[in-house]
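Right, one structure below, let's go through it.
Since every read-out is calculated from the coordinates, none of them should be taken as a lab result. Model, not experiment: these values are computed from the prediction. For neighbour counting, all protein chains shown are included, and Cβ atoms are generated from backbone atoms with ideal geometry for every residue, glycine included.
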Amino acid sequence: MNDADKVPPQRPTMTWANALRDLVARFAAAKLDTPDTDARLLLAHCLGVERLQLIQTPDARLTPDQVTTLETAARRRLTREPVSRIIGQRWFYGRPFVVTPATLDPRPDSETLIEAVLAQVRTAGLQSAPIRLLDIGTGTGCLLLTLLAELPQATGVGTDISAAALNVARQNSQNLGISAARVDWRQGDRCAPAEGLFNVILSNPPYIPRSEIENLDADVRFFDPIGALDGGLDGLDFYRDLVVGVAKHIDTSESYVIFEIGHDQASEVVDLLRATPWGQSAQVQIHRDLGGSPRCVAGVPRQPTPDSAFSE
Ligand SMILES: C[S@@+](CC[C@H](N)C(=O)[O-])C[C@H]1O[C@@H](n2cnc3c(N)ncnc32)[C@H](O)[C@@H]1O
């Protein structure tokens with residue numbers, strides 16, 4: 001064997017425990033909010049294991065390829081790219097959702113809307129009924145698909161202006177095992193693709209005032225699609241349009257309408273609801289998130305009638 005045939009000795013790679021320690025230290029030094037969680041998620045993703053395995057086999061060693069993959073992921077995180085975007089997945093209400101550059105990264109605060117809808121459906125005694133849901137601006141589909149998973153007899157329509165976002169919603173629907181017969185994805189502007197009446201109409205529309213977008217944290221400003229953020233000059237453009245657009249899909253005796261809002265938009269959105277005929281006949285509710293901020297405004301039907309359009 002001549003010298004050219006000799007395989008150069010490989011430097012031993014670090015253990016999983018050392019890799020984790022190193023990553024946490026780099027993320028903490030860069031003042032990331034959650035260095036430990038971020039490091040565990042990225043390391044487990046790059047190794048292709050569950051996070052629990054990091055604790056169970058701390059002395060396992062990374063392969064040279066895993067070292068390279070981890071370093072690439074770490075550098076992306078250090079530019080403030082969210083972990084969910086690096087690994088392509090975000091958990092929402094206990095289920096995993098694929099996220100891509102075409103979709104908003106689902107936020108824990110949006111679980112407030114899920115809780116409010118489920119509470120309303122239970123109050124109305126409709127949790128086992130074949131109710132119809134409409135989600136305007138569905139993105140990953142996290143809101144509609146979570147509700148369809150929680151309400152097994154319900155069906156839904158999810159709309160979005162973005163064909164790429166709808167493809168992600170479709171993929172999430174398949175991954176979560178929601179039958180294609182239960183959900184209809186439609187591309188189009190706001191309420192335009194919807195047809196007929198719905199028991200529940202929900203939307204988490206773009207609601208950031210345009211001038212505030214440049215002041216958002218880097219992980220939002222540079223990584224969420226602008227079309228998912230920009231709510232016009234004062235952030236209220238979509239609500240102005242939606243309160244009018246949803247009217248023909250509402251049965252005032254039964255339909256529940258709920259919008260996610262920015263923390264300081266409750267009174268304006270309540271006023272917009274109350275200025276519509278359907279909003280005047282509804283009871284308006286404000287739901288707060290776990291941090292205590294107003295997060296959703298809902299219009300609740302006042303008096304369900306026994307022989308209404310949505311009775312079983
Ligand atoms: C704030 S994101 C919400 C996404 C998802 N529902 C969630 O809660 O994570 C708003 C969504 O509205 C969509 N959108 C923006 N403009 C729209 C329009 N004119 N008509 C329909 N959807 C629109 C965006 O593509 C984006 O997916």
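I'd like the Karplus ³J(HN,Hα) series for the range 276-293: coefficients 6.51, -1.76, 1.60, θ = phi - 60°, whole numbers in Hz, and an x wherever there's a Gly or Pro.
For the range 276-293, the Karplus-derived couplings read 9, x, 5, x, 5, 8, 9, 8, 9, 10, 10, 10, 9, 7, 5, x, x, 8 Hz, x marking Gly and Pro.
Restricting things to Cα coordinates, could you compute the convex hull volume per residue of the chain in Å³?
Given the Cα convex hull of the chain, per-residue volume reads 164 Å³.
If one computes the Cα centroid of the range 58-113 and of the range 255-303, what distance in Å separates the two points?
Taking the Cα centre of each part, the range 58-113 and the range 255-303 sit 33 Å apart.
Give the order of 93, 207 when sorted by the count of other beta carbons within 10 angstrom, beginning with the fewest.
Least crowded to most crowded, the residues run 93, 207.
Provide 142, 46 in ascending order of the number of other Cβ atoms located within 10 Å of each residue's Cβ, fewest first.
Least to most surrounded, the residues fall as 46, 142.
If each Cα of the range 2-118 is one equal point scatterer, what is log10 of I(q)/I(0) from the Debye formula at q = 0.09, 0.11, 0.21 Å⁻¹?
With one equal scatterer per Cα and no solvent, log10 I(q)/I(0) is -0.32, -0.46, -1.18.
So for 144, 54, 133, fewest C-beta neighbours within 10 Å to most, what's the order?
54, 133, 144
Just tell me, in residue order, which DSSP H segments of the chain are both 15 angstrom or longer along the helix axis (alpha-carbon based) and at least -0.5 in mean Kyte-Doolittle hydropathy.
16-29, 35-47, 111-123
If you count the DSSP beta bridges with both ends in the chain, what percent of them are antiparallel, to the nearest 5?
45
Mind telling me which of 13, 103, 112 comes out most flexible in a GNM of the chain, alpha-carbon contacts under 10 Å?
13
Just the Kirkwood number for the range 77-192, please: inverse of mean 1/r across all distinct Cα pairs, in Å, one decimal.
14.5
From the alpha carbon gyration tensor of the range 135-190, can you work out the equivalent ellipsoid semi-axes (sqrt of 5 times each eigenvalue) and give them in Å, largest to smallest?
Whole-Å semi-axes of the equivalent ellipsoid: 17, 11, 9.
Any idea what log10 I(q)/I(0) is at q = 0.13 Å⁻¹ for the range 187-312, Debye with uniform C-alpha scatterers and no solvent?
Values returned for q = 0.13 Å⁻¹ are -0.56.
Looking at the range 152-220 from every direction and averaging, what is the projected area of its Cα convex hull in nm²?
6.4
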